Amino acid sequence: MKTDIHPKYVSAKIKCACGTVIETRSTAGDISVEICSNCHPFFTGKSKLLDTTGRVDKFKKKYKMK
């Protein structure tokens with residue numbers, strides 16, 4: 001294996017716009033992101049179903065859901 005060709009693998013902090021800081025290791029160093037698993041609607045369960053031109057009502061009516 002050749003020496004001195006691999007990038008440095010250092011500890012890094014991933015900072016989210018919501019204020020969450022995750023400590024990990026990376027070759028890129030510190031990283032800043034807009035959304036993380038703590039504030040993403042999919043992971044928090046706070047996602048909202050947007051009704052675009054009645055598609056949800058049409059689906060419910062088609063499959064007779066309440």
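Got a sec? Charge dipole of segment 1-43, +1 on Cβ for Lys and Arg, -1 for Asp and Glu; which of S37, T24, I5 is way out at the positive end?
Sorting the options by dipole projection puts first I5.
Would you mind working out the magnitude of the charge dipole of segment 1-43 relative to its Cα centre, with +1 at each Lys and Arg C-beta and -1 at each Asp and Glu C-beta, to the nearest 20 Debye? Show your work: numbers first, answer last.
Numbers: 5 positive and 4 negative charges, 27 e Å.
Once rounded to the nearest 20, the dipole reads 140 debye.
What lysines does K61 reach when the alpha-carbon gap must be under 19 Å and sequence neighbours fewer than 8 apart in one chain are set aside?
none
Write down the percent of antiparallel bridges among all DSSP beta bridges whose residues are both part of segment 1-43, to the nearest 5.
65 percent
Any number yet on Rg/Rh for segment 1-43, C-alpha, Kirkwood?
1.18
Where a number appears in this text, it was derived from the coordinates with a stated rule and is not lab data. Not measured: the values here are computed from a predicted model. Every residue, glycine among them, receives a Cβ derived from its backbone with ideal geometry; neighbour counts consider all protein chains shown.
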